[in-house]
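This report concerns only the one structure given below.
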Amino acid sequence: MKTKMWRFEEYIKDHKIALLGIGNILAKEYDNIDFYPLYRLLTGYIEKRRFKIFEHFPNGLKKYTDRGQWYDRWQDFIEAYDVVVIGNDLRGRDLIEYLREKNPRAKIIVYYESIIGRKNRKHPARYKGINNLEFVTFDKGEGKGLGIRYVQFYYDPTYFDANSPSVSEWIKLKDNFDIKQDVFFVGKAFDRIGKLVDIHSFFEAAGISDKLVILKNPHHFYQPKYLKYMTDKRMAYSDVIREIFQSKCVLEVLQEGQHSMSYRPIEAVVWGKKLITNNIYAAEYDMYSRSNVFILGVDDNSRIKEFIDTPLEPYPKELVEKYSPQNWLETLLFCNGG
């Protein structure tokens, strides 16, 4: 039963929102919120090569080519929208310029779902001079560094797997799974493979069972001693949820330079699991409690087995709601930060 009225629900009675490459779950639920991929699906080697060339030299080529040929069908309807939210698939300034030419009045928000770095085409410095455009990030640290707003990203299994059941459907299935390991981790190796292997060794010595699914990054060299811990096979997100259900704790190991929490703590809250993290600032997480969160490098290692075996302290419903797509859009439109 619905108990809360969101401000954006009132707003969309008289306004339209386009979500480009992000927020598909909201478009399925609400009228006047529409989802489109940013770019159309390219077919064939020649077409992909042409786009790659345009992507790298948009300013020089935009006079000689139709930019709209690369974009999805949102371009046919974009004049009707009052707010346009763009996700991580953005490749460059040309798309924003094209959108602004088609719709001079809309508020445009670019939302960073991942760390972008200084040289990225999505860096705000590359978009100077475009009016009514805002950049927002999921990461507090990067937000401070770039001088842009931070808004907590939402949790939705269909974001990772379009065929996944919804959160409410998964909750009904949860009790069908038995615990088979203490700790579960899934993620790309990035620059953290050494940390992950060290943590695995620590767990092993402490008598803690774990399952670490560490995906190799393409075109990256790894020391031979680490190869046995990694895989080339990506795990379907529905299988990730099943592994979380069969674990007592979720493990978070941050990438170098990341300051805000990853998806792991959100998964811990939504699915009712404890969190083990190497983020020394995790006590600042809104989901933090000493009963449910163990901070590697801060908490006493000798009590980790006791931490794992002690029953979970249930998370408040308000906290679970904070990670909903509705709260993300509400904060994006009407609040100063998440």
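Condition (residue is open to solvent by less than 40 Å² (accessible area, probe 1.4 Å) and under 24 Å from Tyr150 (Cα atoms)) applied to the range 242-252: is it met by at least one residue?
Within the range 242-252, one or more residues are open to solvent by less than 40 Å² (accessible area, probe 1.4 Å) and under 24 Å from Tyr150 (Cα atoms).
What is the number of the single condition among (1) more than 16 Å from the chain's Cα centre (by Cα); (2) open to solvent by 40 Å² or more (accessible area, probe 1.4 Å) that Ile115 does not meet?
For Ile115, the failing item is (1).
Go through the range 68-107 and report how many residues are in contact with a helix residue (DSSP H, G or I) (Cβ under 8 Å, 6 or more places away or on another chain), open to solvent by 30 Å² or more (accessible area, probe 1.4 Å) and part of a strand (DSSP E or B).
0
Can you pull out every residue in the range 151-177 that is open to solvent by 30 Å² or more (accessible area, probe 1.4 Å), more than 18 Å from Phe245 (Cβ to Cβ) and among the hydrophobic types (A, V, I, L, M, F, W, C)?
If the condition is that a residue be open to solvent by 30 Å² or more (accessible area, probe 1.4 Å), more than 18 Å from Phe245 (Cβ to Cβ) and among the hydrophobic types (A, V, I, L, M, F, W, C), then Ala162 is the only one that fits.
Would you pick out the residues in the range 174-191 that are in a loop (DSSP other than H, G, I, E, B) and either touching a strand residue (DSSP E or B) at 6+ places or on another chain (Cβ under 9 Å) or free of Cβ contacts under 8 Å to residues at least 60 places away in the same chain (or both)?
Ile179, Lys180, Ala189
Take the residues in the range 181-190 that are open to solvent by 10 Å² or more (accessible area, probe 1.4 Å) and among the hydrophobic types (A, V, I, L, M, F, W, C), then tell me which one is farthest from the chain's Cα centre (by Cα).
This residue is Phe190.
If Thr65 meets every condition in (1) modelled with pLDDT under 95; (2) over 26 Å from the mean Cα position of the chain (by Cα); (3) exposed (fewer than 13 other Cβ atoms within 10 Å of the Cβ) apart from one, which number is that one?
(3)
Between residues in the range 118-131 that are surrounded by 13 or more Cβ atoms within 10 Å (Cβ to Cβ) and residues that are of a type in the set (Gly, Ala, Ser), which pairs lie under 6 Å by C-beta distance while being six or more apart or on different chains?
Arg121/Gly92
Conditions (1) modelled with pLDDT of 80 or more; (2) open to solvent by less than 50 Å² (accessible area, probe 1.4 Å), marked per residue:
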| residue | (1), (2) |
| --- | --- |
| Thr3 | no, no |
| Lys13 | yes, no |
| Ile22 | yes, yes |
| Asp34 | yes, yes |
| Leu41 | yes, no |
| Ile46 | no, no |
| Lys52 | no, no |
| Phe57 | no, no |
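Do we find a residue being of a type in the set (Phe, Trp, Tyr) and more than 20 Å from the chain's Cα centre (by Cα) anywhere in the range 251-266?
No: the range 251-266 contains no residue that is of a type in the set (Phe, Trp, Tyr) and more than 20 Å from the chain's Cα centre (by Cα).
Given the conditions (1) among the β-branched types (Val, Ile, Thr); (2) modelled with pLDDT under 95; (3) within 21 Å of Leu26 (Cα to Cα), which single one is not true for Ile280?
Going through the list (1) among the β-branched types (Val, Ile, Thr); (2) modelled with pLDDT under 95; (3) within 21 Å of Leu26 (Cα to Cα), Ile280 breaks only (3).
From Ile193, Ile199, Ile148, grab the single residue that is open to solvent by less than 40 Å² (accessible area, probe 1.4 Å), at pLDDT 90 or above and over 21 Å from the mean Cα position of the chain (by Cα).
The match here is Ile199.
Go through (1) within 20 Å of the chain's Cα centre (by Cα); (2) within 23 Å of Asp139 (Cβ to Cβ); (3) not aliphatic (A, V, I, L, M) one by one and return the number of the condition His220 breaks.
Among (1) within 20 Å of the chain's Cα centre (by Cα); (2) within 23 Å of Asp139 (Cβ to Cβ); (3) not aliphatic (A, V, I, L, M), the lone unmet condition for His220 is (1).
Give me a count of the residues in the range 202-228 that are open to solvent by less than 70 Å² (accessible area, probe 1.4 Å) and part of a helix (DSSP H, G or I).
Residues in the range 202-228 being open to solvent by less than 70 Å² (accessible area, probe 1.4 Å) and part of a helix (DSSP H, G or I): 3 in total.
Within the range 284-296, how many residues are at pLDDT below 95 and either over 21 Å from the mean Cα position of the chain (by Cα) or open to solvent by 40 Å² or more (accessible area, probe 1.4 Å) (or both)?
Summing the residues that are at pLDDT below 95 and either over 21 Å from the mean Cα position of the chain (by Cα) or open to solvent by 40 Å² or more (accessible area, probe 1.4 Å) (or both) in the range 284-296 gives 2.
Could you figure out which of (1) among the charged types (D, E, K, R); (2) open to solvent by 10 Å² or more (accessible area, probe 1.4 Å); (3) over 18 Å from Leu196 (Cα atoms) isn't true of Glu267?
Glu267 satisfies all of (1) among the charged types (D, E, K, R); (2) open to solvent by 10 Å² or more (accessible area, probe 1.4 Å); (3) over 18 Å from Leu196 (Cα atoms) except (2).
Pairs under 7 Å by beta carbon, first residue closer than 16 Å to Tyr150 by Cα and at pLDDT 95 or above in the range 313-338, partner in a loop (DSSP other than H, G, I, E, B) and open to solvent by 30 Å² or more (accessible area, probe 1.4 Å), six or more apart or different chains?
Thr331/Gly338
Could you list, in sequence order, all residues of the range 271-283 that are of a type outside the set (Lys, Arg) and open to solvent by less than 20 Å² (accessible area, probe 1.4 Å)?
Trp271, Leu275, Ile276, Thr277, Asn279, Ala282 - these are the residues of the range 271-283 that are of a type outside the set (Lys, Arg) and open to solvent by less than 20 Å² (accessible area, probe 1.4 Å).
Take the range 127-173 and flag every residue that is assigned to a loop (DSSP other than H, G, I, E, B) and among the hydroxyl-bearing types (Ser, Thr, Tyr).
Tyr154, Tyr155, Ser164, Ser166
The values are calculated or read from the model by the stated rules, or taken from the named source; none is laboratory data. Quick caveat: nothing in here was measured; it's all calculated off a predicted structure. Every residue, glycine as well, gets a Cβ built from its backbone with ideal geometry; the counts of neighbours run over all protein chains shown. Just so you know, the surface numbers come from the protein's heavy atoms only, side chains and all, with ligands and any DNA or RNA stripped out. Shrake-Rupley method; radii C 1.70, N 1.55, O 1.52, S 1.80 Å.
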